Each structure stands twice: as C-alpha cells, then as structure tokens.
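Quick notes on the structure that follows.
The values are calculated or read from the model by the stated rules, or taken from the named source; none is laboratory data. Everything numeric here is computed off the predicted structure, so don't read it as measured data. So basically every Cβ, Gly included, is an ideal-geometry build from the backbone, and we count neighbours across all protein chains shown. The area values use the complete protein model at the heavy-atom level, side chains included, leaving out ligands, DNA and RNA. Shrake-Rupley method; radii C 1.70, N 1.55, O 1.52, S 1.80 Å.
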There are 2 protein chains.
Amino acid sequence: MNGRLAILPHYATITDVARAAGVSVRTVSRVLNKSPKVGEETRRTIEGVIANLGFQPSLRARGLAARRSFLLGVVQGYQNAHVVGVLQHGIVEVCSGAGYELLVHPVSVQDPRLADNLRDFVRRTHVDALVVLPPVSEIAAIPRLLARLSVPSVGIAAVRDPAYPAMLVTAERDAASMVADHFVSLGHRRIAMVTGPMKFYSASEREQGFRIALERADILLPPSYVREGNYSFESGLAAAIGLLSLPDRPTAIFAGNDIMAAAVLKVARDLKIDVPDKLSIAGFDDSDIASMLSPAITTIRRPLIEIAREATRRAITLVEGDAHSLPDHHIALSLIVRQSTAPLGN
Amino acid sequence: MNGRLAILPHYATITDVARAAGVSVRTVSRVLNKSPKVGEETRRTIEGVIANLGFQPSLRARGLAARRSFLLGVVQGYQNAHVVGVLQHGIVEVCSGAGYELLVHPVSVQDPRLADNLRDFVRRTHVDALVVLPPVSEIAAIPRLLARLSVPSVGIAAVRDPAYPAMLVTAERDAASMVADHFVSLGHRRIAMVTGPMKFYSASEREQGFRIALERADILLPPSYVREGNYSFESGLAAAIGLLSLPDRPTAIFAGNDIMAAAVLKVARDLKIDVPDKLSIAGFDDSDIASMLSPAITTIRRPLIEIAREATRRAITLVEGDAHSLPDHHIALSLIVRQSTAPLGN
DNA sequence: CTGAAAGCGCTTACAG
DNA sequence: CTGAAAGCGCTTACAG
C-alpha cells in the first residue's frame with residue numbers, strides 16, 4: 001500500500017550517536033537531557049558527534065519513554081483570524097526556545113460535542129499543556145475537563161476562572177472605562193455603545209466598564225443607546241444604523257471591537273455625518289484595520305505578543321516545575337488615541 | 001523535579017482494551033487500522049470496549065511503531081496574519097477528518113539558517129508531510145531540502161516549482177490582467193500600479209499580468225507609474241504619495257494587495273481626491289478590510305479555504321497513496337467589483 | 001480470522 | 001562518572 005516506506009530516510013538515532021562516540025546510549029541520553037553527571041571530555045565528544053550527524057532526538061520516542069510529549073496545544077475559536085495569528089506567533093516563539101512544538105486545535109464555541117472533542121485530542125496527542133484563547137477560554141467546562149485529564153492549562157480571558165491552573169486576565173473593564181473617560185473629557189454627553197455578544201465576558205466586561213465610568217461622570221447610558229452586536233461587520237452596520245437614525249443621536253459611539261467600529265464609520269460616512277467633527281468613534285483591539293481606516297480609529301490595545309509569550313511561559317512552568325498552579329497575571333491595556341475622536345463640535 | 005509525573009492519568013491503552021475484550025493486542029490493532037481480516041462479532045465487541053473506555057490510540061506510539069507520525073506541518077511566514085489564519089483553518093479541517101494533527105512552524109524568509117531550522121524541525125517531529133505557504137514556498141532551497149529528507153511537501157505559490165511533489169498554483173498573473181481589463185473597460189488610460197516586493201513571484205506575476213493586459217489595450221505602464229512597495233501599509237502610503245503628486249496623476253491605481261490599496265485610499269482622501277469619481281482603486285486578496293473600507297475596495301479573491309483544503313488533501317494523498325508526485329493544480333481567482341472603481345469621470 | 005514476539009527510539013531506575 | 005536491561009504503547013512480518 002505504501003511503497004515509499006521502503007525508502008524512508010534513516011535519520012541518525014541515539015544508537016548511531018552512541019556507536020560513533022564509543023559510549024553507551026545511556027550516556028548520550030544524559031547529554032541530551034543536560035544531566036550534570038557526564039565527564040567534560042565525554043560530553044564534548046558526544047556533542048561533536050551529534051553536530052556531525054545532524055542528530056535530532058525524536059520527540060515521539062522521547063515522549064513515549066519520558067511520558068512527556070514536548071507538544072503544546074493551543075485551543076482557539078474560529079473568529080478573528082488576525083488576533084489568533086498574532087497570538088500564535090508569540091506562543092510558537094516561546095515554544096521553540098524551550099524545545100516544544102505547537103499543535104493547533106480550533107474548536108467551535110457552539111459545538112455541543114466540544115468537551116468530547118477536546119478530551120480525545122488530549123488523549124491522542126498527549127500534549128503536555130494547553131493554552132486556551134478567548135472566547136473559548138470562557139466555557140466553564142473546559143478548564144474542569146482539563147483538570148480531570150491532569151493536563152496543565154493556561155486560560156486567557158477577561159474574567160478569572162479559578163479552574164485554570166494559571167490565567168492571564170486582561171483588564172477589559174478598566175480599558176472600557178478609559179474610553180468612557182476619554183469621551184467625557186472631550187465634552188461628550190450623548191454617548192452610545194455597540195456591544196459584543198453579551199453571553200461573552202469580553203463583551204459584558206467592556207459594557208460594564210464603560211457604563212460605570214459614565215455613571216461616575218453622571219452620564220446615563222439609556223437602553224436605546226446600547227445595541228448588541230456579535231463582533232461582525234454586518235452586526236456593526238445594523239447597530240450603527242439604529243443609533244445614528246435616533247432623533248437624539250449620540251455624538252460619540254464606543255464599539256466593542258474595531259470591526260464594528262469600522263462599520264459605524266461606514267454608516268456615518270453614508271449618512272454624511274462627519275467623523276470626528278460630528279461623531280467620535282472608538283473601537284477595541286487595535287487590530288491592523290484600526291490604523292488603516294481614515295480617520296484612523298481610537299482604540300484599546302491588548303499587548304497580544306506579550307500575552308502570548310507570558311501564557312506560554314506559564315504553561316511550560318506548569319509542565320516542568322512542580323507547582324500545580326500559578327497566581328493570576330493581570331494585563332493592563334492601553335488607550336490609543338487617533339483621529340476618530342475629537343472634542344464635541346459646537 | 002516533577003512531582004506531577006506520579007499522578008499522571010493512566011489513559012486506557014491498547015492492552016487495556018485487549019484485556020477487556022478478551023482478545024489479543026494484535027486484533028485490537030487490526031480494528032484500529034480498519035483491517036478487513038477481523039470477524040464481524042469480534043470487531044463489534046472491540047469497538048464497544050473502545051467506546052466504553054474512551055480509548056484513543058496514542059499518536060506517538062503509533063508513529064514510533066508504524067514510522068508515521070500522523071502529524072502534518074504548515075510552514076508559514078510572519079506576514080499577513082489574516083491570510084495565514086484562514087488557510088490554517090482549512091488545513092486543520094481536512095487534517096482532523098483524516099486523523100492527522102497540525103503542527104505550525106513559522107519561519108522568517110530572511111533567516112539565513114532557514115534550511116537548518118526546517119531540517120531540524122522535520123527530524124525532531126517526523127511530520128508525515130508539509131504544506132508550504134507563500135511566500136516561503138518561493139524559496140527554491142526548501143522543496144529540494146524536503147525532497148532530500150524524503151518528506152512529501154505541497155507548495156502553494158503563484159509560479160510552479162517542479163521540486164515540489166505537488167503544487168497549487170494560483171493564477172495571479174491572469175487575475176492581475178482582469179484588473180487591468182476592468183480599468184480599461186471603465187475608460188481609464190492613465191493607469192498606475194503599486195507592486196509588492198519584486199523579489200517575490202507573487203509581486204512580479206501580478207505586475208506582469210497587469211502590464212501585459214494593458215499593452216494589449218495599447219496602454220503603456222511608464223516607470224513613473226510603477227512604484228514598488230513591500231505589502232505593508234506604510235509602503236503603500238509612500239507609493240501613493242509619489243503617484244498622486246505626479247503632474248499627470250493616474251486616474252486608476254492597482255495595488256498589489258488590499259493593505260496597500262487601503263493606503264492609497266487614505267492618501268487620496270487626505271489629498272481630497274474623490275474615490276471613485278476622480279480615482280479608481282483596486283487591491284488584491286479580498287481580505288476582510290477590503291469590504292470594510294468605504295468605499296469598499298474592488299479586489300481579487302483567492303479561494304483560500306478551498307486552496308487550503310486541496311493542498312492538505314494532496315499532502316495526505318502523497319503520504320498514504322503510492323504516488324511520489326501529483327500533477328499541478330491550478331486555482332483560478334476572481335475579480336470582485338466594489339465601489340472603489342468607476343467609469344472615468346469627465 | 002487470530003496470536004506471540006520483536007522492535008520503533010528514546011528514558012529510567014538500578015548497579016557498579 | 002558510565003552501562004545493560006526493561007519498558008513506554010503501539011504495528012508488523014511471521015505463524016497457525
């Protein structure tokens with residue numbers, strides 16, 4: 001059935017190295033695992049042979065023997081390819097530095113068989129740890145399942161869940177408050193919001209942070225000024241049309257992500273409402289599009305690369321150290337002011 | 001050093017299944033590998049036990065024994081997170097269906113040690129096959145290295161390279177011709193282009209396709225009307241400023257990707273040049289941003305998901321079938337006309 | 001149609 | 001500081 005098997009390349013094995021160096025396999029293994037109990041000269045000889053042969057220990061053989069796979073998994077949703085792409089790069093970077101490889105496992109938040117799917121993935125691959133990205137990280141069953149399977153996991157989310165052995169908590173509520181303060185400081189009073197899907201913490205945290213900061217400034221966010229979107233451009237269009245055709249239309253709109261902010265900008269342009277003279281717009285994510293629109297969009301930046309690196313470091317610490325859990329790590333976000341927000345025009 | 005090893009979960013193994021089913025390990029293995037030589041009743045018993053125990057065969061043990069890893073790798077560059085993200089989803093989808101997992105391996109096109117890096121990756125992980133995305137796929141050394149390592153690879157690129165056992169060739173030259181024809185049909189004669197980095201085939205193919213189609217319409221693309229960018233927004237800004245401050249400025253501009261098209265749009269707006277009344281703009285990629293700008297950008301769509309799926313199917317065919325190479329697969333692209341292009345205003 | 005044995009390439013107690 | 005043996009969880013000829 002597979003004629004190629006016959007001509008598979010015979011990569012150098014640990015046995016080849018041992019023979020060439022005139023030592024036992026055990027000693028080569030010690031060098032690979034940086035055991036201190038190897039003579040300096042022996043070590044140097046072996047390292048020379050390894051370099052010569054271009055020997056790379058087989059991860060699966062190491063894994064089988066050592067009960068470690070040297071594989072990390074990233075569990076991600078299907079939305080927001082840009083955010084996922086950037087996070088992945090940060091994760092892979094730290095993985096490579098530490099001798100791990102990265103397996104991607106996209107799942108659908110709606111999938112009723114998600115738990116089984118994830119369990120089978122863990123059993124098949126024996127990943128050493130998982131990094132769970134938002135919004136999948138918010139599904140309460142996931143960290144609990146992973147705990148039962150004894151696989152360390154690091155969650156990245158806007159709200160802490162004690163079921164994760166380690167978490168990176170992004171201060172999205174505070175960030176949304178910063179947007180509100182920014183609008184208020186520009187003199188706006190009629191302020192509205194397009195939220196993400198309120199079933200996600202990311203959306204409800206942003207909404208609450210925004211609302212609370214406005215209340216501190218004695219500004220109400222009436223129901224007619226709050227529209228729920230689902231983070232898509234289309235939902236942003238619908239929400240914006242609703243808000244901007246109100247008799248008493250807002251002078252500032254905060255969208256729960258940049259994509260919906262782009263939609264608000266488009267609707268404003270179609271309605272000949274000048275941005276930022278007649279309408280200020282802010283988004284969330286600092287995705288590439290925010291700076292490519294004109295006017296460029298004021299937004300909230302999450303330090304994605306740093307988040308990814310830190311999450312991965314923690315995952316590896318959980319695998320290699322002897323702590324079963326790590327304290328939460330809080331990530332502060334920052335407001336990036338661009339041309340889409342301005343003082344309220346007379 | 002690692003206290004947790006002691007409490008590692010004992011996932012069910014093939015031995016557990018064999019014992020519970022009262023058969024030999026060999027027979028369970030036959031069921032796992034869908035061998036026809038198993039009695040119907042025996043098979044059913046074993047399948048029942050497997051479901052009961054939630055048994056999942058360990059990929060690494062299978063791999064070690066069968067000289068297969070059930071791992072596919074995707075080699076990707078660092079740019080264009082959106083395109084990479086979409087392609088990855090298509091790849092994973094087909095992988096899962098066929099029992100493979102996906103390992104991501106980002107590399108830098110500039111890295112002088114790229115070949116060694118990739119070789120070590122292949123030796124460590126024993127991936128069964130690789131899918132190589134553009135622009136990494138254009139580096140001539142890569143398919144040749146992979147051939148020496150006897151690992152099947154599928155390249156995705158704008159130009160065929162016979163060193164790949166299988167290729168998906170995207171008809172980017174033809175697509176660029178379609179943009180030129182579109183401009184011409186709208187009455188434009190002063191037509192310019194912002195190219196990608198000309199060291200990449202993706203960029204030179206687009207440039208040539210565009211130029212050739214214009215020549216067919218007796219329109220010249222003078223040197224002053226061609227600016228080289230590097231696919232980034234900033235490079236697009238610089239190119240657009242150059243083109244739009246020309247005494248005889250163009251009435252239509254084709255940008256080598258949507259990001260640079262967005263930059264052209266921004267510069268036009270800053271210079272109060274109405275799009276599309278005074279200037280038509282087209283991009284390439286149909287990335288999410290193309291439809292989010294206003295006016296929405298006319299662009300070329302690559303069927304990314306279908307490309308990813310087809311590449312993965314071919315990779316798996318190379319692994320499981322007995323063909324050492326497959327005929328090239330050509331992918332036609334399509335022109336998506338939106339609001340950024342219009343008949344030449346008087 | 002089914003099974004006992006060897007082996008994939010490593011690591012890990014156990015000796016020395 | 002170094003080595004011979006067993007074993008990780010599977011598959012693969014080889015027998016029957």
Keeping the other protein chains in place, figure out the carbon and sulfur percent of the accessible area of the protein assembly as shown, with a 1.4 Å probe.
54
At R0 = 30 Å the Cβ-Cβ FRET efficiency linking B:ILE212 and B:ASP274, nearest 0.05, sits at 0.50
Quickly estimate the mean residue ellipticity at 222 nm for the protein assembly as shown, helices only: each DSSP H run with n ≥ 4 gives -39500 (n - 2.57), and the total goes over all residues, rounded to 500.
-13500 deg cm²/dmol
Quick one: label points 7 angstrom along Cα→Cβ at B:GLN110, distances to the other copies in nm, smallest first?
4.2
Residues hit by the 10 Å² burial cutoff in the stretch B:310-334, accessible area with a 1.4 Å probe, assembly against chain on its own, are B:LEU318, B:VAL319, B:GLU320, B:GLY321, B:ASP322, B:HIS324
Interface A-B: total buried accessible area (1.4 Å probe, Å², nearest 100) of 6000
Here the stretch B:329-340 yields Karplus 3J(HN,Hα) values (6.51, -1.76, 1.60; θ = phi - 60°; whole Hz; Gly and Pro given as x) of 10, 9, 10, 7, 9, 10, 8, 10, 8, 10, 7, 7
Where the centre of each part is set by its Cα atoms, how far does the stretch A:42-78 sit from the stretch B:55-120, in angstrom?
16
Low-density loop trypsin sites (Lys or Arg not before Pro), the stretch A:226-302, at most 11 other Cβ within 10 Å, DSSP non-H/G/I/E/B, are A:LYS272
Listed residues A:VAL127, A:VAL17, A:VAL169; largest mean-square fluctuation, Gaussian network over chain A with Cα springs below 10 Å, found at A:VAL17
Once amide H atoms are placed 1.01 Å from N in the peptide plane, what residues at a sequence separation of 5 or more from A:VAL154, or on another chain, have their amide H within under 5 Å of its amide H?
A:LEU130, A:VAL131, A:VAL132
Among B:GLY48, B:GLY209, B:GLY256, which one shows the highest mean-square fluctuation when chain B is modelled as a Gaussian network with alpha-carbon springs under 10 Å?
B:GLY48
Skip the ligands, DNA and RNA, and give the accessible area per residue of chain A with a 1.4 Å probe, whole Å².
41
What trypsin sites (Lys or Arg not before Pro) does the stretch A:72-160 have in DSSP loop regions with at most 12 other beta carbons within 10 Å?
A:ARG113
GNM on chain B, C-alpha springs below 10 Å: top fluctuator among B:ALA268, B:ALA147, B:ALA12?
B:ALA12
Could you grab the relative contact order for chain A? Cα pairs under 8 Å, six or more apart, rounded to a whole percent.
15
Copy-to-copy label separations for A:LYS37, where each label sits 7 Å from Cα toward Cβ, in nm and ascending:
4.6
